[in-house]
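Written below as structure tokens is the structure these notes are about.
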Amino acid sequence: MTSLRRTTLRRQPLGLLAFLLFLISVPAWAPNRFWINVASQALIFAIFAMSLDLLLGYGGMPSFGHAAFFAAGAYGCALWALHRSPDLLPLLVIGLAAGAGLALVGALALRARGIFFLMLTLAFAQMVWSVLSNNQLAGVLGGDIGLIGVPRPVLPFLPAINLFVAANFYFLTLAVAVAVYLALAAIVASPFGRTLEGIRENEGRMQSLGTFTFRYRLAAFVIAGALAGLAGMLSASFNFSATPASAFWTTSGLAMIAVIVGGARSLVGPAVGAMLVVLLQLGLSSLPAQSLAEHWQLLLGAVFIAFVLFLPGGMVALVRGRAG
Amino acid sequence: MGRGPERRSRGPTGPPASGGGSACKLTAIEVALSAVLNGLAFGGLIFLLAAGLSVIFGLMDVLNLAHGSFYMLGAYVGLTVLGLTNNFWLALIAAPIALAILGGAVEVIFFRRIYQRGHLMQVLLTFGLTLVFVDLIRWRFGPQTHSLPTPPGLEGAVHIVGIPFASYKLFVILFATVVAAVLVVAWRKSKVGAILRAGVADREMLGLLGIDLSRVFTATFAFGAALAGLAGVVVGPYLSVYPGMDESILVLVLVVVVVGGLGSIEGAIIGSLLVGLANAIGPLVLGGFEAASIFAVMAVVLLVRPRGLLGLRQ
Amino acid sequence: MNLATASVTVRFGAVAALQDVSLEIASGERRALIGPNGAGKTTLFDVITGARRPTSGRVLLADADVTRLSTWRRARLGLARTFQRSALFPNLTVAENLALAVRVRVQAGWRIWPSRLEGKVAAEVSSRLDAAGLAALAQRRAWTLAHGEQRALEIELALASQPRLLLLDEPMAGLSGAERQAAVTRLRSLPEQVTLVLVEHDLDVVFAVAQRISVLDHGVLIADGTPAEIRADPRVQEVYLGRAD
């Protein structure tokens, strides 16, 4: 019996478990609250990057509009938490639903392919951004500044656990990140995931074999959007705010850098890449060497260019010995 | 999560360095006319950027997101030259030359290696370059806004049908028109233009005709960068110079290229006029939603006629 | 499944790639489509499969007008095709390539929970790999295969959909003698009811396999008949067979 490809989850379960244990241990040895918060943000961006990997790495659909779904989740949850209640479960659902809902709207872009799809998603992101930052709508959406004063969620059944405490919120994000990883790992290993990869590799051939490819691309787009919305919800809770800047096309660009540097089509790669990007962005500022402090963009840009030129498979490819 | 403290939420044009007209008692017609002239000036500026990007995209299939960075670098080169020599016209010449050299170098060092890798990698490479450039600029010049002083002779305002309009903006309109005319003539009549047009329509054919594609690519890229640099200096006295000006203008240039058509100079002219006017008149009519509308138009064009109004490429 | 085209014309501006092409191919027939390069054979295939809309004319599969149907719907009716330049899934393994084709056929693609069908898929992939002589290459990525191996995979992908009508676009191109033999043997294994339309330049293969031959030149169908009739047809000789290759 020939074996059909196995995922990272099955190939390296011990490695992943070790990584998980490492992440769980972070609050124990992190020097102070600042670093635990950095870790939370790293995980949030990792969730966002993993959702983009489904779309880009597995689905072959690079998008500059992915951050719009992140913003949808952020704003949806911010509005709910501000005006209704901060209960966690509804917020999780709204994060997913807002992302998925906006994705259904943006799915119009799926009529295009390649570079035109890329530009359409960029246009979509900018439309969303301009609506969000529009000062005419500031009454509802907060305009330029966005929505502020968003409370942290309240856990169901365990209201005593205060999520305003950095370590507690960190564990929440970790739990969500693990859940998202497991869900995505199952999806990409499933027949649906394999068919999606076939569409990425050669859509024409898949159609010629009898696949209604649009259905798969739409599903991937919406699932990725939903998960991006979930990341947005966590971000709004973490930052106590939702801002229009999160929808700008460059946010998606940053996520794509994370995916490529980590290694597309591996889930773990993009997650690690995302964590590195956040560490670079936030961590540098606390270094004693002030001259380096604000130059994360230079470093990230240079590293990224190096990867594009010499190691397009990302760090995962390095680990796998360039087998790809 | 984002690029940093750039002025993202202020909209595409950034804070203007000098106001357009005096602030008192303008009637509706005067406001409208003023807006139209502002739109033409801005459109002229965008054209300088869109022309280069459109030809690069049409010929080389490269979506150069770093085009905005070339614009920004040109502005800062202008700032530096002006600071050293106090001569605006020298800056106007130095910037395009400097950017042509930089553009050519970027093409040779980076792009040549990744042409066969597909669109995504090229686009992402240019995105990486934008990060590097903006950081370098901020490092050297600081995050504050600069503006170039208006060159002597072009200060003040002229009165058009009684409305004061900054002389410099008129200069921008005239300058852009002259450049546009030269480019159109070169595009349609010269041998170089013929080669480029042929390349846009069918790149393989160009190779088969024995033309050295890599030289054409380098030259095209360098030329596009030079135009962007030129735009950067031109914009100095009129809008502001700050690290982040690349980001705000880039999306508008993309809209022009998409709407006007990939690989078409005439398309870039029409697109720039449309976008420039929409950007100026929009706030009066649509009250804040002009940005969304501009991008909506871009989306519609991409869906219905991806090659744009006058584009040749499929 | 029978196939018919009715006055199919394809124009690109002033150029007519196909002009008024009308064909009728009976169920289970072995038809060869020959003609010089640029005659429009691949374009005709594109029209039949739905990859290209004809400027005018109709395509009928099993007597039903499918001119407006998309490619994937025609494939679901039982139409399969190979391409002149192998259309594989480059970064996936050979086994996974075939698995995709099988999975689509048994409608097991749209699932998150792998069903029992996955076991059947894997079994069928295994037997197809053996039949196509690709078993040793099962875990290799498709883009690493040699040309002949890729062509074998290309044909097998089409066979995996168990088509009722199979279009083969120059399947033997670039194959060595042994590889050609293997491919012909594989094609011979097709059930008799499967209609076969073959575009091929190797006339030995054409005259050995085909029951009827259609000749296309500059987009026009100039002859249509049995191999003997075609061999004798002066127009065909002048246009195609008579030319020194």
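Read-outs throughout are calculated quantities, based only on the coordinates presented, and are distinct from any laboratory measurement. The model shown is predicted, which means the values in this text are computed figures rather than measured ones. With ideal geometry, Cβ positions are generated from the backbone for all residues, glycine too; neighbour counts draw on all protein chains shown.
Partner chain Cβ atoms within 10 Å, averaged over the residues of B:129-142 - can you pull that number for me?
On the way: counts 4, 4, 14, 9, 3, 3, 9, 4, 0, 4, 5, 0, 0, 0.
Mean number of neighbouring Cβ atoms from other chains: 4.
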- Diffing region A:101-113: the Karplus 3J(HN,Hα) column from phi (6.51, -1.76, 1.60, θ = phi - 60°), in whole Hz with x for Gly and Pro, holds x, 5, 5, 4, 5, x, 4, 3, 5, 5, 5, 9, 10
- Note on the structure: In vacuo Debye sum over C-alpha of region B:184-238, base-10 log of normalised intensity I(q)/I(0) at q = 0.12, 0.20, 0.21 Å⁻¹, listed in q order, is -0.36, -0.77, -0.82
- Quick one: Cα convex hull volume of region B:160-314, Å³ per residue? 136
- Task: Take every Cα-Cα pair in chain C and report what % of them are more than 27 Å apart.
- Result: 37
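Based only on Cα atoms, what mean projected area does the convex hull of region C:54-121 have, in nm²?
Working: hull surface 27.0 nm².
Convex hull of Cα atoms, orientation-averaged projection: 6.8 nm².
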- Task: Find how many whole Å separate the alpha carbon centroid of region B:151-185 from the alpha carbon centroid of region A:200-245.
- Result: 47
- Message: Could you order the peptides A:19-32, C:174-187 from most to least packed, using the average number of other C-beta atoms within 10 Å per residue?
- Response: C:174-187, A:19-32
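Percent of alpha carbon pairs in region A:175-292 separated by more than 21 Å?
On the way: 3500 of 6903 pairs.
Percentage above 21 Å: 51.
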- Task: For peptide A:132-140, compute the average count of partner chain beta-carbon atoms within 10 Å of each residue's beta-carbon.
- Result: 3
- Share of Cα-Cα pairs in region C:1-118 beyond 20 Å, whole percent, is 52
- Shielding by partners, peptide A:184-191 (average Cβ within 10 angstrom, other chains): 4
- Item | Size-normalised alpha-carbon gyration radius of chain B, reference 2.2 N^0.38 Å | 0.97
- Message: So if each residue of separation counts as 0.36 nm, and I subtract the Cα-Cα distance between B:Arg140 and B:Leu286, what length gain in nm does that give?
- Response: 48.6 nm
- Task: Assign unit charges at the C-beta atoms only (+1 for Lys and Arg, -1 for Asp and Glu), then state the dipole size of region C:96-245 relative to its Cα centre in Debye, rounded to the nearest 20.
- Result: 780
- Query: For the protein assembly as shown, what is the convex hull volume of the alpha-carbon atoms per residue, in Å³?
  - Reply: 186
- Shape metrics for region C:64-161, restricted to C-alpha atoms - Rg then Dmax, Å: 14.0, 43
- Note on the structure: Diffing region B:231-243: the Karplus 3J(HN,Hα) column from phi (6.51, -1.76, 1.60, θ = phi - 60°), in whole Hz with x for Gly and Pro, holds 4, x, 6, 4, 6, x, x, 10, 10, 9, 10, 7, x
- C:Ala26-A:Asp87 pseudo-label distance in nm [points 7 Å out on the Cα-to-Cβ vector]: 7.3
- Item | Under the Karplus curve 6.51 cos²θ - 1.76 cosθ + 1.60, θ = phi - 60°, whole-Hz ³J(HN,Hα) for region C:9-20, x wherever Gly or Pro sits | 10, 10, 10, 10, x, 8, 8, 9, 6, 9, 10, 6
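Taking the convex hull of the Cα atoms, report for region B:27-156 its projected area averaged over all directions, in nm². Before the final figure, lay out each step's value.
Working: hull surface 41.8 nm².
The orientation-averaged projected area of the Cα hull of region B:27-156 comes to 10.4 nm².
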- Task: Considering the options B:His67, B:Val253, C:Ala142, tell which one lies farthest towards the positive end of the dipole of the protein assembly as shown, charges being +1 on Lys and Arg and -1 on Asp and Glu at the Cβ, about the Cα centre.
- Result: C:Ala142
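Once the Cα gyration tensor of region A:54-106 is diagonalised, what are the square roots of 5 times its eigenvalues, in whole Å and ordered largest first, as equivalent ellipsoid semi-axes? Write down the numbers at each step before the final one.
Details: eigenvalues 126, 21, 13 Å².
Value: 25, 10, 8 Å, ordered largest first.
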- Got a sec? Which residues in region C:44-81 would a label at C:Gln107 touch, if it sits 7 Å along Cα→Cβ and we count backbone N under 13 Å? C:76-77
- Which of B:Val275, C:Pro171, B:Met298 sits farthest toward the positive end of the charge dipole of the protein assembly as shown, with +1 on the Cβ of Lys and Arg and -1 on the Cβ of Asp and Glu? C:Pro171
- Item | Span-like helix ranges in chain C, DSSP H, alpha carbon extent 15 angstrom or more, Kyte mean at least 0.5 | C:94-105
- Message: With angles folded into 0 to 90 degrees, how steeply does helix B:88-106 sit against the dominant principal axis of chain B? Use alpha carbons for both and round to 10.
- Response: 30
- Task: Give, in whole angstrom and from largest to smallest, the semi-axes √(5λ) of the equivalent ellipsoid of chain A, with λ running over the eigenvalues of the Cα gyration tensor.
- Result: 29, 25, 20
- Taking the Cα atoms of region A:1-156 alone, what are Rg (to one decimal) and Dmax (as a whole number) in Å? 18.9, 64
- Message: Once you place label points 7 Å from the Cα toward the Cβ at B:Ala186 and C:Ala136, how far apart are they in nm?
- Response: 6.0
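So which chymotrypsin sites (Phe, Trp or Tyr not before Pro) in region B:37-130 pass both tests, a DSSP loop state and at most 13 other Cβ atoms within 10 Å of the Cβ? It would help to have the intermediate numbers written out before the result.
Working: sites: B:Phe42, B:Phe47, B:Phe57, B:Phe70, B:Tyr71, B:Tyr76, B:Phe88, B:Trp89, B:Phe110, B:Phe111, B:Tyr115, B:Phe127; in loops: none.
Within region B:37-130, no chymotrypsin sites (Phe, Trp or Tyr not before Pro) qualify (loop, at most 13 other Cβ atoms within 10 Å).
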- Report, to the nearest 10°, how far helix B:67-85 tilts away from the longest principal axis of the Cα atoms in chain B, using its own Cα long axis and a range of 0 to 90°. 60
- So the angle from the long Cα axis of helix B:167-189 to the longest Cα principal axis of chain B, reported in degrees to the nearest 10, equals 20
